Amino acid sequence: MDDKASVGKISVSSDSVSTLNSEDFVLISRQGDETPSTNNGSDDEKTGLKIIGNGSEQQLQKELEDVLMDPPMEELANDRGHPEGDAPQADGEADEPVLLEASASSTINPVSVAGPQKPEMSLPVKLAQGDSEESSPFTPVADEDSVVFSKLTYLGCASVNAPRSEVEALRMMSILRSQCQISVHVTLSVPNVSEGTVRLLDPPTNAEIANYPIYKILFCVRGHDGTPESDCFAFTESHYNSELFRIHVFRCEIQEAVSRILLSFATAFRRSAKQTPLTAPAAPQTPDSDIFTFSVSLEIKEDDGKGYFSAVPKDKDRQCFKLRQGVDKKIVIYVQQTTNKELAIERCFGLLLSPGKDVQSGDMHLLDLESMGKSSDGKSYIITGSWNPKSPHFQDVNEETPKDKVLFLTTAVDLVITEVQEPVRFLLETKVRVCPPNERLFWPFSKRSSTENFFLKLKQIKQKDRKSSTDTLYEVVCLESESERERRKTTASPVLCLPQSGSQGSMIPSPPEEDEEEDNDEPLLSGSGDVSKECAEKILETWGDLLSKWHLNLSVRPKTLPTLVRSGVPEALRGEVWQLLAGCHNNDHLVEKYRILITKESPQDSAITRDINRTFPAHDYFKDTGGDGQDSLYKICKAYSVYDEEIGYCQGQSFLAAVLLLHMPEEQAFSVLVKIMFDYGLRELFKQNFEDLHCKFYQLERLMQEYIPDLYSHFLEISLEAHMYASQWFLTLFTAKFPLYMVFHIIDLLLCEGISVIFNVALGLLKTTRDDLLLTDFEGALKFFRVQLPKRYRSEENAKKLMELACGMKISQKKLKKYEREYHTMREQQAQQEDPLERFERENRRLQDANMRLEQENDDLAHELVTSKIALRKDLDNAEEKADALNKELLMTKQKLIDAEDEKRRLEEESAQLKGMCRRELDKAESEIKKNSSIIGDYKQICSQLSERLEKQQAANKAEIEKIQQKVDECERCRELFSQEGRVKVVSTAREGSEEETDEEKEALKNQLREMELELAQTKLQLVEAECKIQDLEHHLGQALSEVQASRKTWFNRTLSSIKTATGVQGKETC
């Protein structure tokens, strides 16, 4: 290698090299793992590209299959069997041959470290002509200025999200090195020129395995000294049009050779210019041919808490973004070239951000890039970077801003443009305000971006300074923004970077304004014109009767409907009539569908947002940014773009949706829009590269040839074709430029009679303006259609005459079908007469586009498959862990069940013993009860006998007393002594002797009576005691029986104690 300048710029201890857009390259020291220098104002220091994100090791299984397949085991065995002495020796600068050993890891042979190996896949190799197996380690490949490094081992590749992150690269290098199982020996060819290609060769056959153009290689890094990866190096490359980044890792047998390999990559990391064909004619040099205009837009998105990032609103009064405090954000930059020859933007070199205004380059902070690439329509280049506002660098824009203040935010994007020798930096300064995180901001329709126009003055490098005569390279003379130009004009201060000769400053074209005209004639704004709702009472009565009959049978249109519609539907009834004409009277399913669709994200959100402000700016309902009209219009367009995935959102749909919104709620407007697009065939105009639209243009020209032949001939003379003036008529149904009175009447006819009404209106327009158009040339005709024609129908009277003329024209469907067949026949003849080579080239381009799309879909599906496999593996691991836990729990449950069964058996035995004891105690209690019952019976019998005996004794005593009384009564003497009550009368002392005898007898009787009463009382007392005992025994008996019944549910000791207590009381009682 003879590039001494490159050798002087790299050291052996350097760790990584990054591609740049100039002849220099950048060394990223190992101390600066995270952020390289961002001083873009110096030629010695350049900004490296750094993108956030980590590659996943599980994705390695599928990523390399399209680059490198597993070689057969026999070849690998042969490769491992080569002794080191058989390797060719290096000469020249290298002391020893370089051998970078690498095995394919999970990418080449996806097996686990401890698991069994899967069957290997064969390695498809295309043999190169003239290659030799005995090439030396640093032998240049034939037909290319390159250096070949042999004895390398390929460790595999993996997808990464941060292609310039050294930390990410070292992490993947460590993973692939530690997991390698099968060595895949390769030879690496590194070119010495920036237009070359890095090639992977098969050592035995020198056949090419894979190749990577230098312009696609973004980064090269080596392992740190003192680590196991010190003998490894890797490079990252952009795959599939910069939408996928991959890292390829190699291992070198001789550690010192890694520095030599990085030196070769550093030599190759030079700017390459796209070569132009030799047959391409040189562009004419006009005074402004060296000025290139770019439109750069800034959009800030915030995390909405639902897993998506939504664009932040922009205050229409202060023209500043409203940010929420502490919420993760993304910066999205849209770059679009608007004038001059198109320059190819190759990649974004860095996205930087800093609070403040007029910020120095060294004070800006590099953001982590997430994605870069062209938009779906290929017109813009989009760069997205993540912004963590919680970082200390952005503390000023993460604190709530006072209401009377605004902050400035400076954003810079460095772009690598293929034809420009050095990076181009676009600098945007915007105003921001920080709000609390819970403050309610605008609805999505208020999403806005900040746009700035830049004028890039380039100077073509002279032929002698260029490396190749076919290269077209430019150097930057100056870069000026539109605001700087206005400021310069206001202050009359010269631009330092502009040359002083002549007045070239005036040659720089002003940025193009929307709808700008050369003669300052302003076209009619869309949405112009007032439509009155006043209508004659008789007409309203006629329409009222018609609607009443129509509602009785909505499936059949009234016969008088077409006649009334041709005269125009009353403005007050248009909403209802349009829905009935479109068949939306039963549209509940579309209404529910709409409510779901507005919650989804649209891939065309930015295009919809841009078109909202341009739709009906002259109408009060839509002119306010962030108003209800723009809100509803945004939601309808967004919902349709999600509903119709094939067509999506197309420019012009917003005008039709706005017309519908002026007459009905947004749900019904969406339903009618869907009906017009699908049932009326409007969406067919957007399909198949607008083939049906071109057919409509042919039909219109044929109708002109029939109805207005002189105007048709005039258009042929001035080469004015239908698509130059009628495209907007068909695609927007005249809603974009014409007054609303005329637009509403056209929609009346369209919904009633179909899309062929466009031909009637178009012919009516051409007939009424025929005389004026015959006097115009090509430019005049285009200007007439754009400016004067719509203004002519601002008068309601002129619009009515036009619609009467259009309705009076009879254009049969047979005639239109005939013209359609003619068009298709003509297209077939053109295809047959076309040069087969051109046809095949066009078909080849179409197939290439389809192939690229299918490859992208395949990559997406592969990524989704890998992701699903990873998720499935995680779910399987989680399920296995849960199964292990459940098995352990099951074993514990089984052990508990065994213990419970043992306890149950023990309790059953105790229960059986308890039952036996209870039976014995019960039998004993029953015998005691019987014994006590017999005693009680005896007591009762004795008491009854005593009662009977007492009663008999009392009866006998009473009878005896009566006899005595009778005898006393019979004896006069005794009668004198006793009173009638039986008391003794004291007559005289003479009778004392006899009285004493009587007293003794009475006393004896009294004593006898007293004894009998005492005996009776004792008997009654014994009877009461016996009854008490009987009650106690019955109570204890019931308690014992209840305890016996409850013995099945209670423990043995409790039951036994209860029985013992009961039997103890009974024993005491019996005693």
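The values are calculated or read from the model by the stated rules, or taken from the named source; none is laboratory data. Here the structure is a predicted model, which means the values were calculated and not measured. Using ideal geometry, Cβ is built from the backbone for each residue, glycine included, and neighbour counts are taken over all protein chains shown. When the accessible area is computed, the model is the full protein with side chains, heavy atoms only, and any ligands, DNA or RNA have been set aside. Shrake-Rupley method; radii C 1.70, N 1.55, O 1.52, S 1.80 Å.
Only Lys, Arg, Asp and Glu count, each charged at its Cβ (+1, +1, -1, -1), so figure out the dipole size of region 605-724 about its Cα centre, rounded to 20 debye.
Dipole of region 605-724, to the nearest 20 debye: 160 debye.
For a quick protection proxy, order the peptides 1010-1021, 180-191 by their average other-Cβ count within 10 Å, most packed first.
My ranking of the peptides, most packed first, is 180-191, 1010-1021.
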On the accessible surface of region 512-632, probed at 1.4 Å with all protein chains in place, carbon and sulfur together account for a percent value of 47
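Taking the highest mean first, how do the peptides 699-706, 556-563 order by number of other beta carbon atoms within 10 angstrom per residue?
With the highest mean Cβ count within 10 Å placed first, the list reads 699-706, 556-563.
At 1.4 Å probe size, put Arg347, Arg842 in order of accessible surface, largest to smallest.
Descending order: Arg842, Arg347.
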Can you put Glu1001, Glu253 in order of accessible area, largest first, using a 1.4 Å probe? Glu1001, Glu253
At what distance in nm do the modelled label points of Asp628 and Lys800 sit from each other, each positioned 7 Å from its Cα along Cα→Cβ? 3.2
Near the amide H of Val434, under 5 Å away, which other amide H atoms are found, from residues 5 or more places off or on another chain, if H is placed in the peptide plane? Leu323, Thr401
Sorting Tyr643, Tyr474, Tyr154, Tyr939 on solvent-accessible surface, 1.4 Å probe, most exposed first, gives Tyr939, Tyr643, Tyr474, Tyr154
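Measuring with a 1.4 Å probe in the full set of protein chains, what accessible area per residue, in whole Å², belongs to region 756-902?
Accessible surface, normalised per residue, equals 70 Å².
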Enter the Cα centre distance for the pair region 333-376 and region 166-197, rounded to the nearest angstrom. 29
Among Gly916, Leu890, Gln848, the residue whose Cα sits farthest towards the positive end of the charge dipole of region 848-929 (+1 at Cβ of Lys and Arg, -1 at Cβ of Asp and Glu, taken about the Cα centre) is Gly916
In region 190-243, if the dipole is taken from +1 on Lys/Arg beta carbons and -1 on Asp/Glu beta carbons about the Cα centre, which of Gly226, Ile209, Gly196 is farthest to the positive end? Gly196
Fully extended contour minus Cα-Cα distance, from Asp899 to Arg770, at 0.36 nm per residue: 35.8 nm
Could you tell me what percent of the accessible area of region 743-833 is made up of carbon and sulfur, with a 1.4 Å probe and every protein chain present? 47
Give the value in nm², to one decimal: projected area of the alpha carbon convex hull of region 300-364, averaged over all directions. 7.3
What does the charge add up to near Phe686, with Lys and Arg as +1, Asp and Glu as -1, over the other residues with Cβ less than 14 Å from its Cβ? -4
Could you order the peptides 897-903, 222-228 from most to least packed, using the average number of other C-beta atoms within 10 Å per residue? 222-228, 897-903
Can you give the accessible area of Ile383, probe radius 1.4 Å, in Å² rounded to 10? 0
Cα-projected label distance for Lys459 with Asn388, points at 7 Å along beta-carbon direction, nm: 4.4
With r as the distance between the Cβ atoms of Gln941 and Asn1007 and R0 = 22 Å, compute the FRET efficiency 1/(1 + (r/R0)^6) and round to 0.05. 0.15
Within the accessible area of region 282-437, what % is carbon and sulfur when the probe is 1.4 Å and the other protein chains stay in place? 45
How high is the relative contact order of region 577-733, in percent, with contacts defined as C-alpha pairs under 8 Å that are six or more residues apart? 22
Cα centroid separation - region 871-915 against region 787-850, whole Å: 80
Solvent-accessible area per residue for region 336-441 at a 1.4 Å probe radius, Å²? 45
If I ignore ligands, DNA and RNA and count only protein heavy atoms, how much of Ile708 is accessible to a 1.4 Å probe, in Å² to the nearest 10? 0
For region 807-895, shape from the Cα gyration tensor axes a ≥ b ≥ c, cut at a/c of 1.5 then a/b versus b/c, turns out oblate
